[in-house]
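Below: the structure, in structure tokens.
The values are calculated or read from the model by the stated rules, or taken from the named source; none is laboratory data. Remember, predicted model here, so these are calculated numbers, not experimental data. Here the Cβ positions follow ideal geometry from the backbone for every residue, glycine too, while neighbour counts run over all protein chains shown. For the accessible areas, the whole protein counts, side chains as well, though only heavy atoms, and no ligand, DNA or RNA atoms are used. Shrake-Rupley method; radii C 1.70, N 1.55, O 1.52, S 1.80 Å.
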Amino acid sequence: EDKVVQSPLSLVVHEGDTVTLNCSYEVTNFRSLLWYKQEKKAPTFLFMLTSSGIEKKSGRLSSILDKKELFSILNITATQTGDSAIYLCAAHGADGLTFGKGTHLIIQP
Amino acid sequence: DTAVSQTPKYLVTQMGNDKSIKCEQNLGHDTMYWYKQDSKKFLKIMFSYNNKELIINETVPNRFSPKSPDKAHLNLHINSLELGDSAVYFCASSQRTGGAEKLFFGSGTQLSVL
């Protein structure tokens, strides 16, 4: 059975801090790894990674995939209160897309 | 224009009732999904469906059934609702391209069974 594990499950930091969210996966026939941000309602897409070592960047957010060690990280620099959300990692394998339980990130002013 | 839309946003009902949640996507995607998110925010797939294939998560009770009148719609019908069915249900769609796919989610339906 495909599995995705995220850590930490929750994280509280102050505005301006840098955070690193972790995601490890075990899936058969791995195709891609995705990061989503969920605020009040629907998860919204952040990144999709398919190759190791290539860092994806979007403003203050960046993500790297390590296909050898089967993990990905999501970095957020200079955090803002609007970054508060649940961050979901998902791995696409033979069973389709399997989600982790998410990291609940809280940014305090 | 909403890419993936589902209705209703909120659904409150009594145990034992039958209810449906509708989903429509205007992205031209070939695959649609239903996910259940429990109170701990764990998102778990229930069904994936395209014109050729319905894949059911074997842990989903057969009281849940997806119905797809056409490629742009995938509705979720639930029979004999139980308290444990209370959750947020998300519809999603994707276009499988080269083996990698990106899901677009609807805004969710919060189901409360009393």
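Things worth noting here:
- Any hit, region A:60-73, residues being modelled with pLDDT of 95 or more, surrounded by 15 or more Cβ atoms within 10 Å (Cβ to Cβ) and touching a helix residue (DSSP H, G or I) at 6+ places or on another chain (Cβ under 8 Å): no
- Residue match in region B:87-97 (condition: out of contact with any Asp or Glu (no Cβ under 6 Å at 6 or more places or on another chain), free of Cβ contacts under 8 Å to residues at least 60 places away in the same chain and closer than 21 Å to A:MET48 by Cβ): yes
- Elements of type strands (runs of 3 or more DSSP E) contained in region A:1-78, each with 1 or more residues being among the hydrophobic types (A, V, I, L, M, F, W, C) and under 10 Å from the mean Cα position of the chain (by Cα): A:19-26, A:32-38, A:44-49, A:61-66, A:71-76
- When B:LEU81, B:LEU27 are checked against the criterion of being assigned to a loop (DSSP other than H, G, I, E, B) and closer than 20 Å to A:THR44 by Cβ, B:LEU27 stands alone in meeting it.
- Among the candidates B:PHE47, B:PHE64, B:PHE90, B:PHE105, residue that is of a type in the set (Phe, Trp, Tyr) and open to solvent by 20 Å² or more (accessible area, probe 1.4 Å): B:PHE105
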